[in-house]
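Notes for the one structure printed next.
The values are calculated or read from the model by the stated rules, or taken from the named source; none is laboratory data. Being a predicted model, the structure only gives us computed values, none of them experimental. Every residue, glycine among them, receives a Cβ derived from its backbone with ideal geometry; neighbour counts consider all protein chains shown.
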Amino acid sequence: MDIDLLFTPKGESGLLASENFIKKIVGVILDKDSGHLSLEFVDMDHMDLNIPVEAEFFGRLDMSPHMHLGAVKEGKIAQAYQVPLMMLGDPHRAKAFEKVKPPKHPLDSFNYFIKSCVLGQPVHRDDTGNEDTIGCILGDTQPASLAFVPHLARQHMFEATTPTAAPSMGPGMGLGGSSGGGGGYSGSGAPRKYPTDEDEG
């Protein structure tokens, strides 16, 4: 499984995987000392991601009480929900975001997120030595073109929200960002602009 960390211009964060997570994730933890993310599963097990987050993204993650989680298979969104994002060694984080609730409509919220993401980096690769896998997991697919698999598409239809409504992510959002630039990643985890429709032209 390969996993990318993505951001929208407003600072929302999420993890996009190349296949479905087999077990339900209940939280994501960032260790700022090492820069690594850890996925906490419902059965108390965990998965440590093997590529550290670039320090320049820590500020964006500080302002994200929740993280979007999703998976894309054969060009379709096959999994989508949100979980709390926690920081090791930050005793005040829970208090700061105690009134911030997860989105009421998780599929609509993820759909807004994935179609808005413009910046990202790899945070997990099954084969970290394979240079061919270090690029964004979507390849040439534009995030804005992604659609849900049929059973999620039906669920999404029942979520009565405005399609472009952004979820309430708490204080301090609007962290800027860019919507242009080249697609993909290079090197060992260096941040790159995420591919957008503008890149096609």
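Tabulated data
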| item | result |
| --- | --- |
| Pair list, Cβ under 6 Å, 6 or more apart: region 135-151 residue among the aromatic types (F, W, Y), other residue surrounded by 12 or more Cβ atoms within 10 Å (Cβ to Cβ) and assigned to a helix (DSSP H, G or I) | F148/H156 |
| 2 or more residues at pLDDT 80 or above, under 22 Å from G75 (Cα atoms) and not small (G, A, S): qualifying helices (runs of 4 or more DSSP H) within region 92-201 | 106-116, 150-157 |
| Hits in region 48-61 (condition: surrounded by 12 or more Cβ atoms within 10 Å (Cβ to Cβ) and without any contact (Cβ under 8 Å) to a residue 60 or more places away in the chain) | D48, F58, L61 |
| Output for region 9-35, where each listed residue is surrounded by 18 or more Cβ atoms within 10 Å (Cβ to Cβ) and in contact with a strand residue (DSSP E or B) (Cβ under 8 Å, 6 or more places away or on another chain) | E12, S13, G14, L15, L16, A17, F21, I25, V28, L30 |
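Conditions tested, residue by residue: (1) closer than 29 Å to H156 by Cβ; (2) of a type outside the set (K, R); (3) modelled with pLDDT of 90 or more; (4) in a strand (DSSP E or B).
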residue: M1; (1), (2), (3), (4): yes, yes, yes, no
residue: G11; (1), (2), (3), (4): yes, yes, no, no
residue: N20; (1), (2), (3), (4): yes, yes, yes, no
residue: L39; (1), (2), (3), (4): yes, yes, yes, yes
residue: H68; (1), (2), (3), (4): yes, yes, yes, yes
residue: V72; (1), (2), (3), (4): yes, yes, yes, yes
